[in-house]
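These notes concern the structure reproduced below.
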Amino acid sequence: MMEFLDQLWSLNMDRETVFGLFQQSLVFIIGMTAILASLGVILCASPIYSALYLIGNMVCLALLFLLFNAEFLAVVQVVVYAGAVMILFLFIIALLGSKEEKRELSFQNFTALSFVGLLFCELLMSMMVGETKPVLGQATPEVVQQVGSAKAIGIELFSNHIVSFELASLLLLVAAVGIISLAKFTYKPLRKRTRT
Amino acid sequence: MGSEFVLFVSAAIFSIGALGFVIRKNPLVMFMSVELMLNAVNFLLIGYSSFLNSLDGQIFALIIMTVAAAEVVVGLAIILTIFRTRHELDVDRINTLKG
């Protein structure tokens, strides 16, 4: 690593270029780690290992958000996803007991693999689209730096996107009422209900 | 390097999530695969909001996180209810509604 940096310095590159190269290699490494972790999620037999790999994947994605100038979203990703949602998953796994699933190579799995491979190739075709004329916004990193990432997002959320914000709060309310009614009133099969 | 790499990582994680949703039989792992797919889309939105100097992508990702949290909570409650009534968790054997 040090020799590599020395080589870079000896090429007489200025500080910005070296920093850009370092950032690009960091994005590459963390992106590859995220892909490997997501492979671990679907290939582990036991759900608890899948949950741990998913936490790793989310932390990698939070680091990538940091590298793409979205500090607030990175914090939200760690707190909400890797914290709250995954703790919920781990509680449910602990409650239901994790049974290892035996794996077999069936025809259905092969069909699914070929279908998803085709989907992946189609998604990669979006990389082959050439440069289009971008519609650039106002929020350059310098502008966002001045007010801070969380405040910039708050201003944007409460001015231009207030309707979607209110709808999201309504959605959370509906979800809370829904899970209370699902968890509190236990389901009885129909034959037991008609008997009494 | 740049937008192509963001597209590649996002497409890879999305396809892996789709594959996991189809081939796994445990509903918990299927939900984790859905989370993977949502995260891939979030990454794409945030990467492009950084390239285009716009905050709209980040707002969109924030709303997606809210929807994903609500969806996970409701889904896990449904899984818990299914486990209470049937005492097993295998999506191939939950076929009462199958015509």
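Values computed for the structure shown
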{"read-out": "Candidate set from region B:8-26 (those that are in a helix (DSSP H, G or I) and surrounded by fewer than 20 Cβ atoms within 10 Å (Cβ to Cβ)); member that is farthest from the other protein chains (Cβ to nearest Cβ)", "value": "B:Phe21"}
{"read-out": "Residue in region A:92-102 that is surrounded by the most Cβ atoms within 10 Å (Cβ to Cβ), counting only those that are at the interface with chain B (Cβ under 9 Å from one of its Cβ atoms) and of a type outside the set (Gly, Ala, Ser)", "value": "A:Ile92"}
{"read-out": "Residue count for region A:113-140, restricted to those that are surrounded by 12 or more Cβ atoms within 10 Å (Cβ to Cβ) and closer than 22 Å to B:Ser49 by Cβ", "value": "8"}
{"read-out": "Residue ID - surrounded by the fewest Cβ atoms within 10 Å (Cβ to Cβ), chosen from residues in region A:69-79 that are at the interface with chain B (Cβ under 7 Å from one of its Cβ atoms) and modelled with pLDDT of 90 or more", "value": "A:Val76"}
{"read-out": "Qualifying residue in region A:92-99 (condition: assigned to a helix (DSSP H, G or I) and among the small types (Gly, Ala, Ser))", "value": "yes"}
{"read-out": "Hits in region B:39-69 - residues which are within 12 Å of the chain's Cα centre (by Cα) and either within 7 Å of chain A (Cβ to nearest Cβ) or buried (at least 20 other Cβ atoms within 10 Å of the Cβ) (or both)", "value": "B:Asn39, B:Ala40, B:Asn42, B:Met65, B:Val67, B:Ala68, B:Ala69"}
{"read-out": "Contacts under 6 angstrom Cβ, first residue in region B:1-27 being touching a residue at least 40 places away in the same chain (Cβ under 8 Å), partner small (Gly, Ala, Ser) and crowded, with 18+ Cβ neighbours inside 10 Å, 6 or more apart", "value": "B:Val6/B:Gly47"}
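Rundown of residues vs (1) part of a helix (DSSP H, G or I); (2) at pLDDT 90 or above, yes/no style:
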position	(1), (2)
A:Gly137	no, no
A:Ala150	yes, no
A:Phe165	yes, yes
A:Tyr187	no, no
A:Thr194	yes, no
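The values are calculated or read from the model by the stated rules, or taken from the named source; none is laboratory data. What you see is a predicted model, and the numbers here were worked out from it, not measured in a lab. All Cβ positions, glycine included, derive from the backbone under ideal geometry; neighbour counts span all protein chains shown.
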